[in-house]
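Reading through the structure tokens given below for one structure.
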Amino acid sequence: MKLRVKDIDISSGGPLIAVMNYKDAAILDLHVMDRIKIKKGHKIETVVVDIAQSEKVVPKGKLGVFEELIDSLKLKNNDSVDITIARKPLSIDYIKKKLDGQKLTKQEIDQIVWDIVHNKLSAVELTYFVAACYTNVMSTEETILLTKAMVKHGQVLKLNKYPVIDKHSIGGIPGNRTTLIVVPIIAAAGYYIPKTSSRSITSPAGTADTMEVLANVTFPIKKMKEIVLKTHGCIVWGGSLNLAPADDKIIAVERPLEIDAESQLLASIMAKKHSVSSTHILIDVPVGKDSKVKNMFEALKLKKEFEKIGKRLKKHVKVLITDGTQPIGNGIGPALEARDVLWVLKRDPRRPTDLEKKCLMMCSKIFDMLNVKDG
């Protein structure tokens with residue numbers, strides 16, 4: 001079937017989507033969420049179908065296309081394109097397999113991640129994958145495979161330095177802005193610490209949100225490398241870098257329900273660390289009834305998994321189990337948390353001592369990992 005392009009000037013935020021008039025869809029017996037192949041010249045894309053019931057939105061003989069598809073196929077209004085029916089991605093079958101509680105193979109996990117990165121899964125299908133891993137927790141082996149697949153289908157920051165330090169808190173505690181204090185301390189000591197951070201998922205502010213109050217956090221990977229080689233450290237928003245991009249798409253699905261599946265949490269953190277070539281990683285696991293990790297049993301289990309994955313990836317990993325029973329610092333939210341950070345770094349009398357003590361303790365653990373001696 002030949003149709004003419006209509007740019008509907010909408011972005012899906014990821015998945016490749018095209019809208020057909022209901023009459024054209026009926027000819028091919030297509031339904032919402034089916035797939036079609038769109039061919040323009042030598043370029044072909046497989047996309048998810050939506051169906052317009054109104055001639056006003058997408059008239060018969062037209063194909064409404066989202067911005068992602070416009071960019072991918074370099075389409076213009078009224079371009080003629082060929083439409084054929086396509087099968088659903090292979091990863092749909094693998095997602096069903098995980099929903100049934102079965103283990104996934106390397107090939108299956110790699111295919112799922114490839115489809116996520118290349119926008120082959122709809123938001124609904126990606127949500128089912130997140131839900132499958134939330135209800136049927138991945139094994140250590142699956143989590144390692146997911147971590148490696150996430151890194152494989154993204155860019156890697158290659159510094160050619162040793163050691164390269166990284167740290168991460170699994171989050172969930174308001175005011176826990178240790179990164180903004182630990183990174184400058186470690187960098188000032190002469191060690192490389194390229195820190196990618198996320199925006200808020202389960203707390204009022206993410207590290208990137210707070211850092212953005214003070215400075216720009218959005219950089220391409222080339223600029224990030226320049227900053228790190230010049231200053232030894234950086235704090236940037238990971239979502240702008242294409243480092244483990246599948247992780248960013250998964251996080252976008254998790255955010256509305258404020259869930260963090262254990263296997264995806266492990267893979268997410270370790271993939272980001274692996275993708276910046278880190279060699280020594282400190283992980284903070286706050287424990288408390290209102291935090292992500294509710295009790296010591298869960299924390300010790302998570303600690304064991306992080307250490308297992310770190311060993312398999314040939315990383316030095318140290319896990320700290322810390323008090324997550326209450327917020328840290330004096331303020332909550334990006335601006336107030338940024339103020340707390342500046343007070344600590346300036347040694348201001350108004351600084352929150354709980355945040356300061358935690359950061360100093362974390363720095364001491366990093367120096368222990370590096371075998372740095374006093375004096």
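The values are calculated or read from the model by the stated rules, or taken from the named source; none is laboratory data. The model shown is predicted, which means the values in this text are computed figures rather than measured ones. Methodologically, a virtual Cβ is constructed for each residue, glycine included, from the backbone with ideal geometry; neighbour enumeration extends over all protein chains shown. For accessibility, only protein heavy atoms count, side chains too; no ligands or nucleic acids. Shrake-Rupley method; radii C 1.70, N 1.55, O 1.52, S 1.80 Å.
Values for this structure:
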read-out	value
Failed item in (1) over 24 Å from the mean Cα position of the chain (by Cα); (2) within 26 Å of A188 (Cα to Cα); (3) open to solvent by 20 Å² or more (accessible area, probe 1.4 Å), with K318 passing the rest	(1)
Options S268, S291, S278; residue that is closer than 19 Å to Y134 by Cα, among the polar types (S, T, N, Q) and either touching a Ser or Thr at 6+ places or on another chain (Cβ under 8 Å) or in a loop (DSSP other than H, G, I, E, B) (or both)	S291
Which numbered condition P163 fails, given (1) under 16 Å from the mean Cα position of the chain (by Cα); (2) closer than 30 Å to L345 by Cβ; (3) surrounded by fewer than 18 Cβ atoms within 10 Å (Cβ to Cβ)	(1)
Exclusive hit being more than 29 Å from K303 (Cα to Cα) and hydrophobic (A, V, I, L, M, F, W, C), set V182, V236, V164, V217	V217
Subset of segment 84-95 that is more than 16 Å from E45 (Cβ to Cβ) and surrounded by 14 or more Cβ atoms within 10 Å (Cβ to Cβ) - its residue that is modelled with the lowest pLDDT	L90
Given (1) over 23 Å from D209 (Cα atoms); (2) surrounded by fewer than 17 Cβ atoms within 10 Å (Cβ to Cβ); (3) at pLDDT below 95, number of the condition M361 does not satisfy	(3)
Any chance G172 is touching a Lys or Arg at 6+ places or on another chain (Cβ under 6 Å) and open to solvent by 10 Å² or more (accessible area, probe 1.4 Å)	yes
Count of residues meeting criterion [open to solvent by less than 60 Å² (accessible area, probe 1.4 Å) and under 18 Å from the mean Cα position of the chain (by Cα)] in segment 219-233	3
Hits in segment 321-358 - residues which are open to solvent by 40 Å² or more (accessible area, probe 1.4 Å) and assigned to a helix (DSSP H, G or I)	P334, A335, L336, R339, L342, L345, K346, T353, D354, K357
Complete set of residues in segment 175-207 that are β-branched (V, I, T), assigned to a loop (DSSP other than H, G, I, E, B) and open to solvent by 10 Å² or more (accessible area, probe 1.4 Å)	I201, T202
Boolean, E262 is more than 11 Å from the chain's Cα centre (by Cα) and not hydrophobic (A, V, I, L, M, F, W, C)	yes
Residues located in segment 208-235, provided they are within 12 Å of V164 (Cβ to Cβ) and part of a loop (DSSP other than H, G, I, E, B)	H232
Pairs, first under 15 Å from K120 (Cα atoms) in segment 11-33, second among the basic types (K, R), C-beta under 8 Å, six or more apart	G14/K249; P15/K120; L16/K120
Tabulated pairs, segment 341-355, first closer than 17 Å to A205 by Cα, second among the acidic types (D, E) and assigned to a helix (DSSP H, G or I), C-beta under 7 angstrom, 6+ apart or interchain	L355/D340
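Yes or no, residue by residue, for (1) open to solvent by 10 Å² or more (accessible area, probe 1.4 Å); (2) part of a helix (DSSP H, G or I); (3) out of contact with any Pro (no Cβ under 6 Å at 6 or more places or on another chain); (4) aliphatic (A, V, I, L, M):
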| position | (1), (2), (3), (4) |
| --- | --- |
| K97 | yes, yes, yes, no |
| I109 | no, yes, yes, yes |
| V113 | no, yes, yes, yes |
| T127 | yes, yes, yes, no |
| Y134 | yes, yes, yes, no |
| V137 | yes, no, yes, yes |
| T143 | no, yes, yes, no |
| L146 | no, yes, yes, yes |
